[in-house]
Amino acid sequence: MTELEAFTVDLAREAARVSLPFFRSVFAQEDKGTGGVFDPVTEADRAAEAAIRRLITARYPGHGVIGEEYGADRPEAEHVWVLDPIDGTRAFIAGLPVWTCLIALRHAGQPRIGTIAQPYLDEIFVGGPSGARLLKGRTETPLRTRSCAGLDQALIATTDPDLFTPAEREAWVRLRAGARLARLGCDAYAYAMVAAGTIDLVAESDLKIWDWSALVPVIEAAGGRVTDWHGETPNDSGQILAVGDAGLQAPALSALSPAALARSV
């Protein structure tokens, strides 16, 4: 691994050290949602992001940081860390081990290194210039997406169709109708499974920069593709399509693109 890839893994392990004692325990939480939508944040989220930021500041004081819990610090820097200390907070508070810690390093505006870490399972999926791998204990396993003959053979995923707009939900229904099997509720862990070659496609919307930046290097280094619903580089539309086999992109976009949001100019 490169120095920066190794440091990203160190950050994931520090986040695990801080967050894991809270899991399936008693911890403070609050609802930051509006309009009746439950959007929880816990003391574990905040403690983990604070710990990651401390290490970044100590090691790379010139780097910027964008985090879900504590906002942006020098987001215009050449190197910017993008942090989601606990992606899948609803799963976390339910005691389900599919929440993850997402850490990305963006260079010149693009995500180049990423980790998707699941501390309870002792898994760190890392992707970057030196490839993609799963770190579990002392074991390091290369990651590779799997081939898929067609959408009708694909296992697809999204977190919750109720999070879609009506048009997006219709698009998901079209996509689901053409697929073999769909699974729900895995948040970013589903993207790790794309890189690992057990899920073929994930489609989601309304994702923030900290929700998707870490996914891109992991999946792309494993041989997959991550785009928006236009088939282009992800941006602030928040609509994400990840495929393990490039051949799935065209049929997926055929289902999704009618609901694709206009791209920012």
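The values are calculated or read from the model by the stated rules, or taken from the named source; none is laboratory data. These numbers were taken from a predicted model, which means no experiment stands behind them. Reconstructed Cβ throughout: ideal geometry from the backbone, glycine too, with neighbour counts over all protein chains shown.
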Does residue 150 fit the bill of being closer than 23 Å to residue 211 by Cα and among the small types (Gly, Ala, Ser)?
no
Scanning region 71-94 residue by residue, those in contact (Cβ under 8 Å) with a residue 24 or more places away in the chain and not in a strand (DSSP E or B) turn out to be 78, 88, 89, 90, 91, 92, 93
Exclusive hit being of a type in the set (Val, Ile, Thr) and surrounded by fewer than 18 Cβ atoms within 10 Å (Cβ to Cβ), set 218, 173
173
For region 51-70, enumerate the residues that are over 14 Å from the mean Cα position of the chain (by Cα) and not in a loop (DSSP other than H, G, I, E, B).
51, 52, 53, 54, 55, 56, 57, 58, 59, 64, 65, 66
Would region 134-150 turn up any residue that is without any contact (Cβ under 8 Å) to a residue 12 or more places away in the chain, over 23 Å from residue 220 (Cβ atoms) and of a type outside the set (S, T, N, Q)?
yes
Of everything in region 90-146 that's among the aliphatic types (A, V, I, L, M) and surrounded by fewer than 17 Cβ atoms within 10 Å (Cβ to Cβ), which residue is nearest to the chain's Cα centre (by Cα)?
121
Of the residues in region 131-148, those that are hydrophobic (A, V, I, L, M, F, W, C) and farther than 14 Å from residue 224 by Cα come to 134, 135
Restricted to region 191-200 and to residues being in contact (Cβ under 8 Å) with a residue 60 or more places away in the chain and buried (at least 24 other Cβ atoms within 10 Å of the Cβ), the residue farthest from the chain's Cα centre (by Cα) is 195
Anything in region 147-160 that is under 17 Å from the mean Cα position of the chain (by Cα) and not hydroxyl-bearing (Ser, Thr, Tyr)? List them, or say none.
156, 157, 160
On the basis of being in contact (Cβ under 8 Å) with a residue 24 or more places away in the chain, in the same structural domain as residue 243 (by TED's automatic domain parsing) and small (Gly, Ala, Ser), does residue 223 make the cut?
yes
